[in-house]
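Just below is one structure, and these are the notes that go with it.
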Amino acid sequence: MMKHLLLASAATVALAGAASAELAEIKPEGYKVALDGTFAPHAMPTMSGGVEGFNVDLAAAIAEKLGVPVDVTAAQFSGLIPALQAGTYDFLVAPTTVTEERAANLLFTEGFMDTNFRFVVPKGSEAAGFTSLEDFKGKTLAVNKGSVYERFLTDKADEFGFTVVSFGTNTDAIQAVTSGRADANMAGATVSAWAVQKNPQIELSFEYPTGLVWGLPFRKDDAATRDLVDSVLECLKTDGTLTALSEKWFGVTPAEGATIITPTAGYGTPGFDGYDATEHEITCEF
């Protein structure tokens with residue numbers, strides 16, 4: 001069942017000069033957006049029947065800067081892009097990895113976060129200080145069965161001497177770490193950070209950079225609105241909003257140069273179809 005959360009808006013805050021590019025006019029009635037409501041800590045059900053999480057707060061922050069409501073629908077991820085293409089939503093606020101295949105059919109904003117992999121290890125383990133895949137050579141690594149992390153580690157098992165053990169859920173994989181059946185767990189960086197927030201028996205270790213980012217998808221015929229929201233993301237990166245959300249939901253202060261706090265030149269994700277290199281100033285006045 002779809003659940004809706006109406007995010008209230010507030011006044012915008014000025015940060016820099018006005019953008020030089022022509023952006024879409026803000027819709028006075030606001031925007032309809034959607035995400036997967038079961039992807040913690042980005043979006044997850046609340047006891048009251050709504051949804052909460054990093055991307056829910058991101059939608060609220062976009063609403064605040066634009067000064068109009070943003071109506072968030074939580075639905076299964078598999079149906080989000082078809083519904084966007086059908087015009088049900090103005091854009092998606094689900095964390096969506098920008099890929100060549102997706103960029104051929106959708107417009108993306110610049111990345112709002114890196115989609116890195118991260119290891120989780122027992123609290124107090126020397127492995128917490130590991131800084132490379134090489135450091136995990138010969139270790140037993142627990143992963144969620146069928147995940148991209150399982151494929152990644154299995155592909156590198158011979159090179160690094162990994163023993164990869166797979167479990168039906170990432171929660172079970174982490175339990176293998178806390179019980180001593182595995183030396184470490186690998187998952188997405190934000191999922192790992194959330195797990196550490198909830199489990200005092202584990203801590204974060206090496207973060208593997210994939211070079212990929214999460215962006216917000218739009219229809220191909222809506223570049224002006226994409227550019228508008230892209231400009232909002234730049235504002236949120238530079239005014240401290242996304243830093244605060246990272247600390248709130250992941251317990252992580254972004255490192256210098258991380259995508260979550262570093263605006264990208266132009267509009268969209270460089271290197272992918274739909275990127276517009278138009279120069280513009282960062283602004284929080286819309």
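Using a Förster distance of 30 angstrom, determine the FRET efficiency expected from the C-beta separation of residue 48 and residue 282, and round it to 0.05.
0.25
Taking the full set of protein chains and a 1.4 angstrom probe, give the accessible area of residue 66 in square angstrom, rounded to the nearest 10.
For residue 66, solvent-accessible area is about 10 Å².
Rounding to the nearest 20 debye, state how big the charge dipole of the chain is about its Cα centre with +1 on each Lys and Arg Cβ and -1 on each Asp and Glu Cβ.
1080
Sort 230, 221 by heavy-atom solvent-accessible area, probe 1.4 angstrom, most to least.
The residues order as 221, 230, largest area first.
Skipping prolines and chain starts, which residues have an amide H placed within reach, meaning under 5 Å, of the one on residue 163, given they are 5 or more residues away or on another chain?
Under 5 Å from the amide H of residue 163 lie the amide H atoms of 139, 140, 141, each far enough along the sequence or on another chain.
State which entries of 156/220; 32/237; 27/198 exceed 31 angstrom in Cα-Cα distance in the structure shown.
Violating the 31 Å limit, Cα to Cα: 156/220; 27/198.
Heavy atoms only, probe 1.4 Å: what % of the accessible area of region 120-277 goes to carbon and sulfur, would you let me know?
Roughly 49 percent of what the probe reaches on region 120-277 is carbon or sulfur.
Which whole-number percentage describes the relative contact order of the chain, with Cα contacts under 8 Å and a sequence gap of 6 or more?
Computed value for the chain: 28 percent relative contact order.
Convert each backbone phi in region 130-139 into a coupling constant with the Karplus relation 6.51 cos²θ - 1.76 cosθ + 1.60 (shift: θ = phi - 60°), then list the ³J(HN,Hα) values in order as whole Hz, x for Gly and Pro.
So the J values, rounded to whole Hz, are 5, 10, 7, 4, 4, 4, 8, 4, x, 8.
Suppose only helical runs count, i.e. DSSP H with n ≥ 4. What mean residue ellipticity at 222 nm does that imply for the chain under -39500 (n - 2.57) per run, divided by all residues and rounded to the nearest 500 deg cm²/dmol?
Mean residue ellipticity at 222 nm (helix-derived): -8000 deg cm²/dmol.
Quick check: with the 1.4 Å probe, what order do 126, 285 take by accessible area, largest first?
Output order, biggest surface exposure first: 126, 285.
Using modelled amide H (1.01 Å from N, peptide plane; none on Pro or chain starts), what sits under 5 Å from the amide H of residue 208, excluding residues fewer than 5 places away?
Those qualifying (amide H under 5 Å, at least 5 residues apart or on another chain) are 117, 118, 119.
Suppose we keep just the DSSP beta bridges with both residues in region 24-174; what percent of those would be antiparallel, to 5?
20
Where both partners of a DSSP beta bridge lie in the chain, what percent of those bridges are antiparallel, to the nearest 5?
Of those bridges, close to 60 percent are antiparallel.
Per residue, how much accessible area does the chain show when a 1.4 Å probe rolls over the protein heavy atoms, in square angstrom?
Normalised by residue count, the accessible surface of the chain is 44 Å².
To the nearest 20 Debye, how big is the dipole of region 195-266 about its Cα centre, given +1 on the beta carbon of each Lys and Arg and -1 on that of each Asp and Glu?
Here the size comes out at about 220 debye.
Compute the signed sum of charges (Lys and Arg +1, Asp and Glu -1) over the other residues within less than 13 Å, Cβ to Cβ, of residue 126.
-1
Given H placed 1.01 Å from N in the peptide plane, which residues other than close sequence neighbours of residue 213 have an amide H under 5 Å from its amide H?
98, 115
Might you report the magnitude of the Cβ-based charge dipole of region 139-212 about its Cα centre, with Lys and Arg at +1 and Asp and Glu at -1, to the nearest 20 debye?
For region 139-212, the charge dipole is close to 180 debye.
How much net charge surrounds residue 244 when only the other residues with a Cβ under 12 Å from the Cβ of residue 244 are counted, with Lys and Arg +1 and Asp and Glu -1?
Overall, the nearby charge balance is -1.
Could you work out which residue, out of 242, 153, 233, moves most in a Gaussian network model of the chain, that is, has the largest mean-square fluctuation with Cα springs under 10 Å?
153
What list of ³J(HN,Hα) values in whole Hz, one per residue of region 272-286 in order, does the Karplus curve 6.51 cos²θ - 1.76 cosθ + 1.60 (θ = phi - 60°) give from phi, with Gly and Pro shown as x?
In residue order, the calculated couplings are 10, 3, x, 5, 10, 7, 3, 6, 7, 8, 6, 9, 10, 10, 10 Hz.
What is the sum of charges, Lys and Arg at +1 and Asp and Glu at -1, for the other residues whose Cβ falls under 13 Å from the Cβ of residue 107?
Value of the local net charge: -4.
The values are calculated or read from the model by the stated rules, or taken from the named source; none is laboratory data. For clarity, every value in this text was computed on a predicted model and none was experimentally measured. Quick reminder, even Gly has a Cβ in these numbers, built from the backbone with ideal geometry, and neighbours come from all protein chains shown. The area values use the complete protein model at the heavy-atom level, side chains included, leaving out ligands, DNA and RNA. Shrake-Rupley method; radii C 1.70, N 1.55, O 1.52, S 1.80 Å.
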